[in-house]
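Please treat every number below as a calculation from the coordinates, not as lab data. Just so we're clear, the structure is a prediction, and the values are computed from it rather than from any experiment. Neighbour counts run over all protein chains shown; Cβ positions are idealised from the backbone, glycine included.
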Ligand SMILES: [Zn+2]
């Protein structure tokens, strides 16, 4: 079977600070909006390929800043979620959506089993293998880990405005989400909600359950409204806020951990 990616195209995984010593392991499944060359423009306009349907606006920059502040490893996924949504299992219809919000995605219509498998093999598997390898290597070195996945959401979805700044998402394991909700909830001027604008019923906890649930390690998914982090000032502000929240959460979960950087709220 032919692969999806050509030899000169990049690996889906971009690994940042892989030897970072923070317990926090950052994952950003929707960081990039690159379309694999073999898929052309997927039948979409250049405008559509820069919208939230193609990637999580601002999430990569916030995640990179967090990685630096916390000394945390970060795994970014470079290809557009339209080619393969790495926060969905291969059997999910949303993994290669034929429609995103109200936009038809012609490049995902009538995919053959081989075409689906090529995307799973070239994007989904290497990305999640990299997350597994990182977590397993840290465990073998007795480095404790907790997983924080970084996302952004559109302020208006199907014509309805979403009235929150930060969503804290979880499935069955609520430990880290409860802590983050308590800590972020104390911050002035931001609206924080549990399992909004979507939650486990929408199938968005795949990465959390796959890597956190199976290992029994703390995990949470953070969703920032994307108009708050589409410019450098907002990205810096949100990275600082979340670094503070996560450092406090880490010091509660692992009291013996030496916190490298201390930021004020
Ligand atoms: Zn996302």
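Could you go through the range 58-69 and let me know if any residue there is surrounded by 19 or more Cβ atoms within 10 Å (Cβ to Cβ), in contact with a helix residue (DSSP H, G or I) (Cβ under 7 Å, 6 or more places away or on another chain) and not in a helix (DSSP H, G or I). Checking the range 58-69: at least one residue is surrounded by 19 or more Cβ atoms within 10 Å (Cβ to Cβ), in contact with a helix residue (DSSP H, G or I) (Cβ under 7 Å, 6 or more places away or on another chain) and not in a helix (DSSP H, G or I).
Under the condition of being more than 16 Å from the ligand (Cβ to nearest atom), surrounded by 15 or more Cβ atoms within 10 Å (Cβ to Cβ) and either without any contact (Cβ under 8 Å) to a residue 24 or more places away in the chain or not in a helix (DSSP H, G or I) (or both), the residues counted in the range 131-164 number 4. Checked across the range 23-39, the condition of being part of a helix (DSSP H, G or I), more than 15 Å from the ligand (Cβ to nearest atom) and without any contact (Cβ under 8 Å) to a residue 24 or more places away in the chain holds for no residue.
Is it fair to say residue 128 is within 27 Å of residue 241 (Cα to Cα) and either within 16 Å of the ligand (Cβ to nearest atom) or touching a residue at least 12 places away in the same chain (Cβ under 8 Å) (or both)? Judged against the criteria, residue 128 is not a match. Remark: residue 84 falls outside the filter, which requires a residue to be within 16 Å of the ligand (Cβ to nearest atom), without any contact (Cβ under 8 Å) to a residue 60 or more places away in the chain and part of a helix (DSSP H, G or I).
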